[in-house]
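The values are calculated or read from the model by the stated rules, or taken from the named source; none is laboratory data. Here the structure is a predicted model, which is why all the values come from computation and not from measurement. Glycine gets a Cβ as well: all are built from the backbone with ideal geometry, and neighbour counts include every protein chain shown.
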């Protein structure tokens, strides 16, 4: 198998799996129960949360465990107190989950991006109004891997906050960053980035799926979506998913430890794959030439149908994807790829290759050859 | 020769593609997108089916197209189906879909786009002129095809019509088609027989009514809408009486369902059916010695057809001749020629 879709899902690491295993059966207790073994589980659970939060320079008590990034994003949007239809600004390259939440505010604004998918700061500055309450920008676009200038965005927000303070305007303004892509490859610290809300998830960093978190700064007032027993500081009720959180913590710890070396390794592999694929001049590389996650290699072969390529490649056990192909089948164009100015033909021919632990130099060379062969065969077929 | 093949993402049309390819046709796989809406309790699998069809087409290196017929399907098939149910009939949407969508709209569009012929994965055969029963008697689908136009039939290939279903499956497995082990969709393609009730409820408001015993007039219980019930139906009555009851009569105006315990009730059995919308295929004459089918897979029953009165008379009593369903005529050697048929009006 040649797996080039690490941005979609990653296998649970041995360490994470081993860490979480005892909490399914042996230490199954409900962390809210009063007896000692349950209290022990509670302590371990809290410690795991602290561990996760500390990787981002935060505290466990500011971390709300959710069922994944989608729920975290939904929860982040509850920070908006106003019903103003224009209270929200998002970038043009956000995940569908962010777009769907923004649509709850019919006149939400979209921040323009350049040809690489990076937001244009001047456009953001011009779009912040006294009514803006939430700006949601991803750490890196899930289709392009382009990194966003989060701390510069935070600076703009600080300026606006200052202005409101002086004007006696108590309307809050927050920055939410969806870091679903990038954990384990970018050193993310909430204070350095200047974010007020941070979405992270476990399923893309070799932890279990169905678990994620939202970190929030103290001043951000959130409203729970799931109410009940009052777990997670009253912001997300329901018995804690102890094994998943333990697995999440173990995965993030491991990712953190290997961050520098894995970054270097993946960048080298990605550049190798890029060089190999450059042998076919019809392949265009997408995303930012410098500010891009080191494991991302989005490409476009104008004139080809990416979904056919996916089905061809799967016959060789090469697994790649693109959000764009799936959207295209359903008759909609990828908003992110449209936003960077790609034509329909370029979008239809776009694939997202994302590298990770399952790749090494040998397999990258092999897979590059398969991809090149499949592309040439398709190009021959439609000639 | 350029052939446009309707591909549903199932085993039959996938194997059909390989057979056409083997016969050196220039094949274009076509997915007809007729319906995409999920309904309560029913996830419409169109996106997965489309992906499967495209996956097979890609594997075989054939051209692939998607035809979006949702608007027309809604008008020609769904609206017809709902109108028939409202009249108290039990329509057959598959027959309508073949007549109006697959062998009309798809046929016309395919020819417009340069096809010489069309093909489908139906179990039926043709000699270029006659519509013939499939080699696999258990899978024969001519019941659903009797109304397709003669022009379309003249330019249609049924690549698997001469095969047994079991052989189609074996071939799919041998060729390692990714859909070889995909379960078959049954009945109304998008909801299946089990979902028809939910489907109707989405579009038509229904009212509860009485269930009465035919013989005594006694109220036995209540139903959630006469529209949901079909003549001869035994299940889904939720009567708390021991022995099974059968639906024998529907009064749509009063919204009353009449049931009987008597399987021999005269309402349930009949030797005659009056037809409407009779369609006799080109070049066919209806002979004296006729065999007919009153539903898909029903045994071929001896009968006569009076063209003047549009009436079918059976040699033997038939159970639940259901208004809205079709009676399809067969004749010739082994009764293999499908002559046409009509829709039961009463």
statement: Flagged in segment B:23-47 as away from chain A (no Cβ under 14 Å) and in a strand (DSSP E or B), in numbering order, are B:30, B:32, B:39, B:42
field: The one condition in (1) at pLDDT below 90; (2) touching a strand residue (DSSP E or B) at 6+ places or on another chain (Cβ under 6 Å) that residue B:271 fails to fulfil
entry: (1)
statement: When (1) away from chain A (no Cβ under 12 Å); (2) free of Cβ contacts under 8 Å to residues at least 60 places away in the same chain; (3) not in a helix (DSSP H, G or I) are applied to residue B:72, the one that fails is (3)
task: Output the helices (runs of 4 or more DSSP H) that fall wholly within segment A:68-142 and possess 1 or more residues being under 21 Å from residue A:338 (Cα atoms), or say none.
output: A:96-102, A:121-127
- request: Please determine, by comparing only the residues of segment A:317-336 that are at pLDDT below 95, in contact with a strand residue (DSSP E or B) (Cβ under 6 Å, 6 or more places away or on another chain) and within 14 Å of chain B (Cβ to nearest Cβ), which one is nearest to residue A:118 (Cα to Cα).
  value: A:322
task: Report whether or not residue B:94 is within 14 Å of another protein chain (Cβ to nearest Cβ) and either in a helix (DSSP H, G or I) or out of contact with any strand residue (DSSP E or B) (no Cβ under 8 Å at 6 or more places or on another chain) (or both).
output: no
- line: Checked segment B:119-149 for anything closer than 20 Å to residue B:2 by Cα and crowded, with 23+ Cβ neighbours inside 10 Å; matches are B:119, B:120, B:121, B:122
- prompt: Which condition does residue A:314 not pass, out of (1) part of a helix (DSSP H, G or I); (2) modelled with pLDDT of 95 or more; (3) out of contact with any helix residue (DSSP H, G or I) (no Cβ under 7 Å at 6 or more places or on another chain); (4) away from every other protein chain (no Cβ under 13 Å), if it passes all the others?
  reply: (4)
message: Can you say whether residue B:65 is under 20 Å from residue B:155 (Cβ atoms) and within 14 Å of another protein chain (Cβ to nearest Cβ), as far as the supplied structure shows?
response: yes
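Yes/no matrix, rows are residues, columns are (1) at pLDDT below 95; (2) in a loop (DSSP other than H, G, I, E, B); (3) in contact with a helix residue (DSSP H, G or I) (Cβ under 9 Å, 6 or more places away or on another chain):
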position	(1), (2), (3)
A:240	no, yes, yes
A:243	no, no, yes
A:253	no, no, yes
A:261	no, no, no
A:266	no, no, no
A:275	no, no, yes
- request: Determine if segment B:1-22 includes at least one residue that is in a loop (DSSP other than H, G, I, E, B), away from chain A (no Cβ under 14 Å), in contact with a strand residue (DSSP E or B) (Cβ under 9 Å, 6 or more places away or on another chain) and in contact (Cβ under 8 Å) with a residue 60 or more places away in the chain.
  value: yes
query: Quick one: in segment A:352-380, which of the residues that are in contact with a helix residue (DSSP H, G or I) (Cβ under 9 Å, 6 or more places away or on another chain) and within 14 Å of chain B (Cβ to nearest Cβ) is surrounded by the fewest Cβ atoms within 10 Å (Cβ to Cβ)?
result: A:377
Residue match in segment A:337-345 (condition: under 27 Å from residue B:178 (Cα atoms) and either crowded, with 22+ Cβ neighbours inside 10 Å or within 14 Å of another protein chain (Cβ to nearest Cβ) (or both)): no
message: Of everything in segment B:49-65, what is in a strand (DSSP E or B) and either buried (at least 21 other Cβ atoms within 10 Å of the Cβ) or modelled with pLDDT under 95 (or both)? Give them in sequence order.
response: B:64
- prompt: How many residues are within 14 Å of chain B (Cβ to nearest Cβ) and over 17 Å from residue A:4 (Cα atoms) when one looks only at segment A:299-311?
  reply: 2
field: Wholly within segment B:127-183, helices (runs of 4 or more DSSP H) carrying at least 2 residues that are within 16 Å of the chain's Cα centre (by Cα)
entry: B:142-145
task: Would you mind finding the one in B:60, B:50 that is more than 20 Å from residue B:143 (Cβ to Cβ), without any contact (Cβ under 8 Å) to a residue 60 or more places away in the chain, more than 22 Å from the chain's Cα centre (by Cα) and within 14 Å of another protein chain (Cβ to nearest Cβ)?
output: B:60
Of all residues in segment A:280-298 being within 24 Å of residue A:182 (Cα to Cα) and surrounded by fewer than 24 Cβ atoms within 10 Å (Cβ to Cβ), the one that is nearest to the other protein chains (Cβ to nearest Cβ): A:284
statement: Reported set for segment A:343-366 where residues are over 22 Å from residue A:142 (Cα atoms), in contact (Cβ under 8 Å) with a residue 24 or more places away in the chain and assigned to a helix (DSSP H, G or I) is A:361, A:363, A:365, A:366
query: For segment B:308-329, does any single residue satisfy the condition of being assigned to a strand (DSSP E or B), on the phi > 0 side of the Ramachandran plot and surrounded by fewer than 21 Cβ atoms within 10 Å (Cβ to Cβ)?
result: no
field: So residue B:83, is it away from chain A (no Cβ under 13 Å), out of contact with any helix residue (DSSP H, G or I) (no Cβ under 8 Å at 6 or more places or on another chain) and free of Cβ contacts under 8 Å to residues at least 60 places away in the same chain
entry: yes
- prompt: Which one of B:232, B:217, B:236 is assigned to a loop (DSSP other than H, G, I, E, B) and in contact with a helix residue (DSSP H, G or I) (Cβ under 8 Å, 6 or more places away or on another chain)?
  reply: B:236
message: Taking the criterion of being over 24 Å from the mean Cα position of the chain (by Cα) and either in the same structural domain as residue A:99 (by TED's automatic domain parsing) or at pLDDT 95 or above (or both), would at least one residue in segment A:353-361 satisfy it?
response: yes
- prompt: Does residue A:276 meet the test of being free of Cβ contacts under 8 Å to residues at least 24 places away in the same chain, more than 22 Å from the chain's Cα centre (by Cα) and not assigned by TED's automatic domain parsing to the domain that holds residue A:19?
  reply: no
task: Tell me which of these residue B:282 doesn't satisfy, since it passes every other one: (1) more than 30 Å from residue B:211 (Cβ to Cβ); (2) touching a helix residue (DSSP H, G or I) at 6+ places or on another chain (Cβ under 6 Å); (3) surrounded by 13 or more Cβ atoms within 10 Å (Cβ to Cβ).
output: (3)
